[in-house]
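Note sheet for the following structure.
Computed from the coordinates by the stated procedures, all read-outs in this text should not be read as laboratory data. Note that the structure is a prediction, hence the values are computed from the model and not measured. Backbone-built Cβ (ideal geometry, glycine too); neighbour counts: all protein chains shown.
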Amino acid sequence: MASIKQLKKDINNDIGAIIEDIYLWELSNPGADLSKSEKLIEEAIQVFDDLVEKINSVATKENLKKQFKSIQEERTKLIQGLLKKSASL
């Protein structure tokens, strides 16, 4: 496991890339209903906030690897879910 700082950067980059893809989709489809894409952007921001909050809430020194592995697995699952939703736009 890399540093906490790197994990936060990775989450930021992943969520940022998804939001950027959604904005590009909105620009290339000006006649489309944008309510779904805006909702997906809000969901992506909420995922980011939740993951960073979980990282920041790790207070105990016990089982650090286990706690961060759990956060990493959740990150992967949530990012994949967001990617599937953005692909279905």
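Entry note, the chain: relative contact order of 41 percent, from Cα contacts under 8 Å with a spacing of 6+ residues.
Straight-line cross-link partners of Lys5 among the lysines, defined as a Cα under 16 Å from its Cα and at least 8 positions apart when in the same chain: Lys54, Lys65, Lys69.
Spacing of the modelled spin labels on Thr60 and Glu43, each 7 Å from Cα toward Cβ, amounts to 3.3 nm. Within the shell defined by Cβ-Cβ distances under 12 Å, the residues around Ser70 carry a net charge of +4, with Lys and Arg each +1 and Asp and Glu each -1. Straight Cα distances below 12 angstrom link Lys66 to none of the aspartates and glutamates, with same-chain residues fewer than 8 positions distant left out. Here is the list for segment 31-89: GluC sites (Glu not before Pro) lying in DSSP coil, each with at most 10 other C-beta atoms within 10 angstrom of its C-beta, are Glu62. Once you have a ≥ b ≥ c as the square roots of the Cα gyration tensor eigenvalues for the chain, tell me rounded if a/c is under 1.5, and otherwise prolate or oblate according to whether a/b is larger than b/c. Prolate, because a/c is 1.5 or more and a/b exceeds b/c.
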